[in-house]
Amino acid sequence: MRRAFLAITGLAASTTALVVLKGSPGTTPVAQDVPAAQPVNPTPQGADPSVAPATPGGPTPKPSVRAGASSSPKPSRSTARPSGNRTTAKAPTAPRTTTKAPQPTTRRVTGPGVDNEYGYVQVQIVVSGNRIVEAVSLSLPSGGESDIHSGDVRARYNGTGGEVVQKQSANLNTVSGATETSNSYKQSLRGAIEQAF
């Protein structure tokens, strides 16, 4: 009799411990090998079998998910497709910005006038970007032999292919027989280059 009493008391204590452990929040359930037999609480007719009934005073149980079953409904395969032409909207693209290299501006720069014993000399240069592309003598001495010497200076220094464009500086060779006019030309040219650059 004593053995039977101890067995019943031990069974009751272990059952109570299981219920307390299983029902207390924050505890992790212990994996058990329970044979898949009859459900403990059979669901009433018409009730959702995936939702367990609520236990009074305890936390609301979450619906159980069967192995292999998905919790979200699967879309049916017979989805109707819209008929007609398919139009796809393209994502807007940023406008293209093409940056052209700035075109070099052409400008005329006039040097200071220089007086010498034969007359007045003044030079103008044409500049494109950072290059001299042409030189022009606005004023050279004239009359008598000065016309000849001024013509030699003009022929040597002026134009798009003259010595000024070739050397890109005022370091020019002196024209023979026209030293004063050559020096005055160089002086006016140097002033124009200083203004341009």
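Things worth noting here:
- The largest accessible area among 90, 167, 186 belongs to the first residue in 90, 167, 186, and the rest follow in falling order (1.4 Å probe, all chains).
- Residue separation of residue 93 and residue 160 scaled by 0.36 nm, minus their Cα-Cα distance, works out to 19.3 nm of gained length.
The values are calculated or read from the model by the stated rules, or taken from the named source; none is laboratory data. Treat the numbers as computed from the prediction; the structure is a model and nothing was measured. What goes into the accessible areas is simple: the full protein's heavy atoms, side chains included, and nothing from ligands, DNA or RNA. Shrake-Rupley method; radii C 1.70, N 1.55, O 1.52, S 1.80 Å.
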